[in-house]
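Quick notes on the structure that follows.
The values are calculated or read from the model by the stated rules, or taken from the named source; none is laboratory data. Since the model is a prediction, treat every value here as computed from it, not as a measurement. All Cβ positions, even for glycine, are placed from backbone atoms using ideal geometry, and neighbour counts span all protein chains on display. These accessible areas exclude ligands, DNA and RNA; they are computed on the full protein's heavy atoms, side chains included. Shrake-Rupley method; radii C 1.70, N 1.55, O 1.52, S 1.80 Å.
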Amino acid sequence: QVQLVESGGGLVQPGGSLRLSCAFSRSIFNIYVMGWFRQAPGKQRELVARIISGGIINYADSVKGRFTISRDNAKNTVYLQMNSLKPEDTAVYYCMGKWDSREYWGQGTQVTVSS
């Protein structure tokens, strides 16, 4: 059973930073897509950032210039560095991995941006 375990969420003031981590229970070296999604109360889950095999990186327009997705193959971990956080970034953040035509999801980690 493959597991994705997120960590790093919490409460932060507007303008602050957080780094989310997603630890995979398997090698991430050849995973086709890895990414971060978020879901705010009453809203649909949306893509935040993703890394596609070959090095392609996509960001949602709302986070461009503020968030950075990265990977550490040695640690089988994907990160999301979030800077200049805004109240509208408040959501549950989910890690996702896709390979062999299947999607795998973490349990989510809460990020709350509030003063």
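Suppose we filter 66, 38 for residues that are open to solvent by less than 40 Å² (accessible area, probe 1.4 Å), out of contact with any Lys or Arg (no Cβ under 6 Å at 6 or more places or on another chain) and free of Cβ contacts under 8 Å to residues at least 40 places away in the same chain; which single one remains?
Only one candidate passes the filter, namely 66.
Looking at 81, 3, 13, 44, which one is modelled with pLDDT under 95, open to solvent by 30 Å² or more (accessible area, probe 1.4 Å) and not acidic (Asp, Glu)?
3 is the lone residue from the list that is modelled with pLDDT under 95, open to solvent by 30 Å² or more (accessible area, probe 1.4 Å) and not acidic (Asp, Glu).
Filter region 84-115 down to residues that are in contact (Cβ under 8 Å) with a residue 12 or more places away in the chain, of a type in the set (Gly, Ala, Ser) and out of contact with any helix residue (DSSP H, G or I) (no Cβ under 8 Å at 6 or more places or on another chain) and give me whichever is most open to solvent (accessible area, probe 1.4 Å).
115
Just for strands (runs of 3 or more DSSP E) wholly inside the chain: which have at least 2 residues that are β-branched (Val, Ile, Thr)?
Hits in the chain: 46-52, 56-59, 67-72, 77-82, 109-113.
Please identify the pairs in which a residue from region 13-25 that is under 22 Å from residue 99 (Cα atoms) has its Cβ atom under 6 Å from the Cβ atom of a residue that is open to solvent by 20 Å² or more (accessible area, probe 1.4 Å), counting only partners at least 6 apart or on another chain.
20/8; 21/7; 21/8; 21/79; 23/5; 24/76; 25/2; 25/3
Residue by residue, here is whether (1) charged (D, E, K, R); (2) under 29 Å from residue 29 (Cβ atoms) holds:
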position	(1), (2)
43	yes, no
51	no, yes
56	no, yes
66	yes, yes
76	no, yes
89	yes, no
98	yes, yes
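Kindly indicate whether residue 58 is surrounded by fewer than 15 Cβ atoms within 10 Å (Cβ to Cβ), farther than 18 Å from residue 106 by Cβ, touching a Leu at 6+ places or on another chain (Cβ under 8 Å) and at pLDDT 95 or above. Break it down into steps so the answer makes sense when it comes.
Details: surrounded by fewer than 15 Cβ atoms within 10 Å (Cβ to Cβ): yes; farther than 18 Å from residue 106 by Cβ: yes; touching a Leu at 6+ places or on another chain (Cβ under 8 Å): yes; at pLDDT 95 or above: yes.
When the stated conditions are applied, residue 58 passes them.
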